[in-house]
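The next block holds one structure in the form of structure tokens; read it before the comments.
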Amino acid sequence: MKLDKLKTIGFSIAVFLLPLLFMVLVNETIALKKREQGYRVNTIEAINSNKAVANQCTWMCHNNTLYCKEHHTKWLKTSFPYTDPIYFGTIQLLMATGNYGAANILLYVVFFPLTIGGLMIWNRHLTIKIATLKKHKNGNN
């Protein structure tokens, strides 16, 4: 019984840590390969620049969504009538907080991953519970 508990705890920890480690690994790998000066905000330097580049998203796309939509979205254009209200509504919501950067990090780096991770752990718990109930129903103690 203790081994099953350890497996569950290990799974729970992995659900939260592996995506974070993967994100850091990808970002640091890209940062090692970059050749240009990154976009700088105060003392923080981003991986890519703020230059308008026709074949690559940069901070220009973050700061000017219309430029990105015009140059970098080939297959998504038909979805804009559906996605734009959600996208721009989210941006307006984040800006309305008074601190866009902090709200963005809290929502996308903290809240969403914790919610998704929590739901995955809850799903795992329910899956184990269902399997246990099936075993007991079939007489396999």
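The values are calculated or read from the model by the stated rules, or taken from the named source; none is laboratory data. As the structure is a prediction and not an experimental result, all values here were calculated from the model. Heads up, the Cβs are rebuilt from the backbone with ideal geometry, glycines too, and the neighbour counts pull from every protein chain shown. Calculation scope for accessible area: heavy atoms of the full protein, side chains included, ligands and nucleic acids excluded. Shrake-Rupley method; radii C 1.70, N 1.55, O 1.52, S 1.80 Å.
Descriptive notes on the structure:
- Pair list, Cβ under 8 Å, 6 or more apart: the stretch 29-44 residue over 15 Å from Gly101 (Cα atoms), other residue small (Gly, Ala, Ser) and surrounded by 11 or more Cβ atoms within 10 Å (Cβ to Cβ): Glu36/Ser49; Gln37/Ser49; Gly38/Ala46; Gly38/Ser49; Tyr39/Ala46; Tyr39/Ser49
- Residue selected from the stretch 69-81 under the condition surrounded by 10 or more Cβ atoms within 10 Å (Cβ to Cβ) and of a type in the set (Ser, Thr, Tyr), by the criterion farthest from Cys57 (Cα to Cα): Ser79
- No other residue among Gly98, Gly89, Gly118 is without any contact (Cβ under 8 Å) to a residue 24 or more places away in the chain and on the phi > 0 side of the Ramachandran plot apart from Gly98.
- Close pairs from the stretch 47-68: first modelled with pLDDT of 80 or more, partner of a type in the set (D, E, K, R) and open to solvent by 60 Å² or more (accessible area, probe 1.4 Å), Cβ under 7 Å, at least 6 apart: Thr58/Lys51; Met60/Lys51
- Among residues of the stretch 94-110, those that are surrounded by 12 or more Cβ atoms within 10 Å (Cβ to Cβ) and part of a helix (DSSP H, G or I), counted: 10
- Residue selected from the stretch 18-47 under the condition part of a loop (DSSP other than H, G, I, E, B) and of a type in the set (Lys, Arg), by the criterion most open to solvent (accessible area, probe 1.4 Å): Arg35
- Yes/no for Leu66 being loosely packed, with under 10 Cβ neighbours inside 10 Å and on the phi < 0 side of the Ramachandran plot: yes
- Checked against (1) open to solvent by less than 70 Å² (accessible area, probe 1.4 Å); (2) in a helix (DSSP H, G or I), His136 meets all criteria but (1).
- Selection within the stretch 83-116 - more than 27 Å from Pro19 (Cβ to Cβ) and not hydrophobic (A, V, I, L, M, F, W, C): Asp84, Pro85, Gln92, Gly98
- Selected residue [under 20 Å from the mean Cα position of the chain (by Cα) and assigned to a helix (DSSP H, G or I)] from His71, His62: His62
- Just one of (1) in a helix (DSSP H, G or I); (2) of a type in the set (A, V, I, L, M, F, W, C); (3) open to solvent by less than 100 Å² (accessible area, probe 1.4 Å); (4) more than 30 Å from Thr132 (Cβ to Cβ) fails for Val15. It is (4).
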